[in-house]
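One structure below.
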Amino acid sequence: MSPAVNLRRDLRLLRRHGGDIGRITIPELLKRGYDEAMTVGSLAGAGTLGLLIPPSIIMIVYGVAADVSIARLFVAGVLPGIMLMLMFFGLHRRLGGC
């Protein structure tokens, strides 16, 4: 399969299973002229970073359920979140972004 076919399939899956955020933002980003790859990539990246960078609801729920210090979870999420953000930025620049 070509990358364009995979991208269209991924976009359909994200629309179908992406929840409310994907359902709202994908049509709006495409309407404003964003590339399909940029649309899917930005939503996937935001979903990933949203779990790591504090304050994250997922970290609070996990901390309460597992009886782990929420402050320590937040500290543990900052460095991987920043590293992931820098990698996303570097990949975007490498692929010809701004």
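No value in this document is a laboratory result; all are computed from the given coordinates. Since the structure is predicted, the reported quantities are computational estimates derived from the model, not experimental observations. Heads up, the Cβs are rebuilt from the backbone with ideal geometry, glycines too, and the neighbour counts pull from every protein chain shown.
Once backbone amide H atoms are built at 1.01 Å from N, SER56 has no partners under 5 Å, excluding neighbours fewer than 5 places away on the same chain. Our coupling estimate for segment 73-89, obtained by passing each phi through the Karplus curve with A = 6.51, B = -1.76, C = 1.60 and θ = phi - 60°, is 4, 4, 4, 5, x, 5, 4, x, x, 5, 4, 5, 4, 5, 5, 4, 5 Hz, Gly and Pro reported as x. Between LEU79 and ARG23, the FRET efficiency estimated from the beta carbon spacing at R0 = 30 angstrom works out to 0.40.
With the simple model of a label 7 Å out from the Cα in the direction of the Cβ, MET87 to VAL68 spans 1.9 nm. Taking one equal scatterer on every alpha-carbon of segment 53-98, how large is log10 of I(q)/I(0) by Debye at q = 0.17, 0.18, 0.28 1/Å? Reported log10 I(q)/I(0), two decimals: -0.55, -0.58, -0.90.
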